[in-house]
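Just so you know, all these numbers are worked out from the coordinates, no wet-lab data involved. Computed from a prediction, not measured in an experiment: that's the story for all the values here. Using ideal geometry, Cβ is built from the backbone for each residue, glycine included, and neighbour counts are taken over all protein chains shown.
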Amino acid sequence: MTLDFYEVRTGDIQPQHYAFLVPEQRFDAMIDRLGALGVTYYADPPHTQPGRTNDLFGGRGAYFDDPDGHNMEIMTRPYRRP
């Protein structure tokens, strides 16, 4: 999968939420990379738990902002309610 973007901007950007299902075995490397790049990640969407991950629905997840303020999410299991 690729996520393409277009660099020309006009007007305000409306923040969006983007979630990515990632393999469990890659999650720690992704968290390490965010840390190495100086990107703060959070356990929750409103960003009140910095430097932590969550364990929602038996998986692991984290949220972080992209440079335009979009709320990015990585998770190892889809969020499904029983």
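Amide H of ASP44: which non-local residues (sequence gap of 5 or more, or other chain) have their own amide H closer than 5 Å, using H built in the peptide plane?
For ASP44, whose amide H was placed from the backbone, the distant partners under 5 Å are GLN49, TYR63.
Report, in deg cm²/dmol and to the nearest 500, the calculated mean residue ellipticity at 222 nm for the chain, where each DSSP H run with n ≥ 4 adds -39500 (n - 2.57) and the sum is divided by the residue count.
Helix contribution divided over all residues of the chain: -5000 deg cm²/dmol.
Could you list the trypsin sites (Lys or Arg not before Pro) in the range 18-75 that lie in coil according to DSSP, counting only those with at most 16 other Cβ atoms within 10 Å of their Cβ?
Numbers: sites: ARG26, ARG33, ARG52, ARG60; in loops: ARG52, ARG60.
When the trypsin sites (Lys or Arg not before Pro) of the range 18-75 are filtered for loop state and at most 16 Cβ neighbours within 10 Å, ARG52 remain.
I need the semi-axes of the equivalent ellipsoid of the chain: take the C-alpha gyration tensor, multiply each eigenvalue by 5, square-root it, list largest first in whole angstrom.
Rounded to whole Å, the semi-axes are 23, 15, 14.
Counting other beta carbons within 10 Å of each residue's own, what order do ILE13, ILE74, ILE31 fall into, fewest first?
ILE13, ILE31, ILE74
Using θ = phi - 60° and the Karplus form 6.51 cos²θ - 1.76 cosθ + 1.60, what ³J(HN,Hα) does each residue of the range 33-38 get, whole Hz, x for Gly and Pro?
Using θ = phi - 60°, the values come out as 5, 4, x, 5, 8, x Hz.
Can you give the longest run of the chain that contains no chymotrypsin sites (Phe, Trp or Tyr not before Pro) sitting in a DSSP loop with at most 16 other Cβ atoms inside 10 Å?
Details: sites that count: PHE5, TYR6, TYR79.
That gives 7-78 as the longest site-free run.
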